[in-house]
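Since every read-out is calculated from the coordinates, none of them should be taken as a lab result. This structure is a prediction, so every number in the text was calculated from the model and none was measured. Quick reminder, even Gly has a Cβ in these numbers, built from the backbone with ideal geometry, and neighbours come from all protein chains shown.
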Amino acid sequence: MAQLTEKARLMDSQDLNRVIRRIASEIVEHNKGTDNMILVGIHRRGVYLARRIQKMIEDDEHVKVPCGELDITLYRDDLTTLFEQPMVHSTRMPEDISGKAIFLVDDVIYTGRTVRAALEALVDLGRPSIVQLAVIIDRGHRELPIHADICGKNVPTKKSEVIEVRVEELDGKDEVVICERDAE
Amino acid sequence: MSAMPNEVAQLTWKHRNVIDLDNWTREELYFCLDQARHMENVMDRPIKKVPVLRGKMCVNLFFENSTRTRVSFELAEKMLSADVVNWSVSGSSTAKGETMRDTAWTLEAMGADIVVMRHGAVGAPQYLASKLKHGIVLNAGDGTHAHPTQALLDLYTAWKHLGTLEGKKIAIVGDVLHSRVARSDVLGFGTMGCDVVLSGPPTMMPREIEALGVRYEKDPKIAVKDADMVYLLRIQRERQQDGLFPSVDEYHRWWGADSELLTYAKPGALVMHPGPINRGVEIASEIADGHQSVILEQVRSGVAIRMALLYLCGGGAR
């Protein structure tokens, strides 16, 4: 595995919190309210981000918002090229997703392949009325015709760079950093 | 079910083939059980299929009859979207004198990625694995040696109910001598840190069984005392002709599980059996159908654990 060197910090904890807050209100705006919607976090960091968005919407709107989690490992298109099997995580939906507005939440959109896999995984679980995508960072370099409906920040990157969205629940602190992959 | 831990540590999967559990660590066992838990989730969906083994060919190579194990593997393979070929011995080329080595090469020439093998001879899956260049082998039972997927599904079922298995007392009662299930379970539960006690007729105990790190108690009541789980092995009626026990009735009176025997175990202890069960021999109906029995749950666990193994061993690049 290549080592990563941190180059710059794009967001501190306050910045990240503001972005999540804005995404939360945009989701409610896109959905024209909080009816008939389910937030779905993509493993791993998307799950924690979706839970925070859920809490913000619930606090602001005084309603219960269902939140699920989606693991896309079994839907990846690159498994036959990997020598190590990635760990499968849980997929849990709070209720039947058919007929619901699904807001997928992930940390970074890059090639779009994760989202493609997530869409395939979703339609195996039911038939949502609409699916929208919310991400913290859009770093470009799409390889599929997929876009984010709600995006925290556009960050032009080189392919050799890596964006890390860190969340307190997993990483001990909230921040977004840009790293360079060291030459091996 | 609340007993299940939430997080299991990620690890790099090293086992290419699954022949036996003798070289598995506790961490690897838990990792496999955790992955099975997510696979079981797939079984509850309206569409019971994920595309992870799309394009992979699984051959179920059965030299002994076993409808249950084969169907369980076949379901697991299909839920992972693999292509499935069932190759059973009756009428196959082995009957015409083909050697195992030629069978291996034939399978490889056909493009088999994963071979699930059941054979009456100890070591047959290991031998097959050594002859395959690309394909991997999952042992579905070889002679009296090992039945690793059965032991894993037993561990999984026990883990779901008992939580962390360390320090739990497991009593295995029956024909240990002829049982690959018992051997693999002793290894599996032993690695998990369980206290494993065996019981059954002395004629059905392997010599020097203590070498596996277990105790033997002739009296099942002593073996079962305070056990968290009681595991009953299938008694094959043919063994009676071999003179290993006097009669089915006598076996049942001595070692069969009935409600009286269970009173010696912990209250609410699990009752498990690899199936198919002989009612009135190793297990009374009142126990097999009782609320402590998780025998049918074991069947379901089998599909989940096989999905996990197929994914972990057979999913990646070769």
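The loop-placed trypsin sites (Lys or Arg not before Pro) in region A:50-106, going by DSSP, that have at most 14 neighbouring Cβ atoms within 10 Å of their Cβ come out as A:LYS64. The charge dipole of the protein assembly as shown, taken about its Cα centre with unit charges on the Cβ of Lys, Arg, Asp and Glu (plus for the first two, minus for the last two), comes to roughly 860 debye. Annotation: the residues B:CYS194, A:CYS151, sorted from fewest to most other C-beta atoms within 10 Å of their own C-beta, follow the order A:CYS151, B:CYS194. Under a 5 Å amide H cut-off, with hydrogens placed 1.01 Å from N, B:ILE136 pairs with B:ILE114, B:VAL115 among residues at least 5 apart or on other chains.
Annotation note: GluC sites (Glu not before Pro) in region A:68-130 located in DSSP loop regions with a Cβ neighbour count of at most 15 within 10 Å are A:GLU84, A:GLU95.
For the protein assembly as shown, the normalised intensity computed at q = 0.08 Å⁻¹ comes to -0.60 (log10 of I(q)/I(0), Debye sum over alpha carbons, equal scatterers, no solvent). For the residues of B:9-19, the average number of beta carbons from a partner chain within 10 Å of their own beta carbon is 1.
Between the listed residues B:ALA109, B:PRO267, B:GLY123, the Cα displaced farthest toward the positive end of the dipole of chain B, a dipole computed from Cβ unit charges relative to the Cα centre, is found at B:ALA109. Shielding by partners for peptide B:38-45, expressed as the average number of C-beta atoms from other protein chains within 10 Å of each residue's C-beta, is 3. Screening chain B for DSSP H helices whose Cα atoms reach 24 Å or more along their own axis and whose mean Kyte hydropathy is at least 0.0 gives B:295-314.
With θ taken as phi - 60° and the Karplus curve 6.51 cos²θ - 1.76 cosθ + 1.60 applied, the whole-hertz 3J(HN,Hα) list for region B:266-278 is 4, x, x, 4, 6, 10, 10, 7, x, x, x, 8, 9 Hz, x standing for glycine and proline. Largest GNM mean-square fluctuation among A:GLY112, A:GLY99, A:GLY68, using chain A with Cα springs under 10 Å: A:GLY99. Rounded, prolate or oblate, given the Cα gyration tensor of region B:202-264, with a/c below 1.5 counting as rounded? Verdict is oblate for region B:202-264. Each Lys and Arg Cβ is given +1 and each Asp and Glu Cβ -1; about its Cα centre, chain A then shows a dipole of about 280 debye. Per the Cα gyration tensor, region B:212-318 maps to an equivalent ellipsoid with semi-axes of 29, 18, 15 Å, ordered largest to smallest.
Per-residue mean of foreign Cβ neighbours for A:72-80 is 5 (Cβ atoms of other chains, 10 Å radius). Cβ crowding within 10 Å ranks B:ASP142, B:ASP20 as B:ASP20, B:ASP142, fewest other Cβ atoms first. This ranking places B:ASP22, B:ASP154, B:ASP34 by how few other beta-carbon atoms lie within 10 Å of each, fewest first, which gives B:ASP22, B:ASP34, B:ASP154.
Its residues counted as N, region A:43-128 yields a C-alpha radius of gyration over 2.2 N^0.38 Å of 1.17. Would chain A count as rounded, prolate or oblate if I go by the C-alpha gyration tensor, calling it rounded below 1.5 in a/c and otherwise prolate when a/b exceeds b/c, oblate otherwise? Oblate, because a/c is 1.5 or more while a/b does not exceed b/c. Taking the centroid of alpha carbons for each part, region B:112-176 and region A:1-80 are 41 Å apart.
Convex hull volume of the Cα atoms of region B:148-295, normalised per residue: 93 Å³. Short-range pairs are left out: with C-alpha atoms under 8 Å and at least six residues apart, the relative contact order of region B:148-295 is 23 percent. Can you give me the Cα centroid spacing of region B:15-89 and region B:254-318 in angstrom? Between the Cα centre of region B:15-89 and that of region B:254-318, the gap is 18 Å.
Each of B:SER285, B:VAL197, B:LEU165 was placed along the dipole of region B:148-295 (beta-carbon charges, centred on the mean Cα), and the one lying farthest toward the positive end is B:LEU165. Each residue of region A:71-85 is assigned a 3J(HN,Hα), and the resulting list reads 10, 9, 3, 6, 10, 5, 9, 10, 4, 6, 9, 9, 8, 10, 7 Hz, derived from the Karplus form 6.51 cos²θ - 1.76 cosθ + 1.60 (θ = phi - 60°), x at Gly and Pro.
Taking only Cα atoms, what is the 0 to 90° angle, nearest 10, from helix A:13-30's long axis to the longest principal axis of chain A? Approximately 40 degrees, to the nearest 10.
Across region B:233-246, coupling constants 3J(HN,Hα) worked out from phi with the 6.51/-1.76/1.60 Karplus curve, θ = phi - 60°, read 9, 6, 9, 8, 4, 4, 5, 5, 4, 6, x, 7, 8, x Hz, and Gly and Pro carry x.
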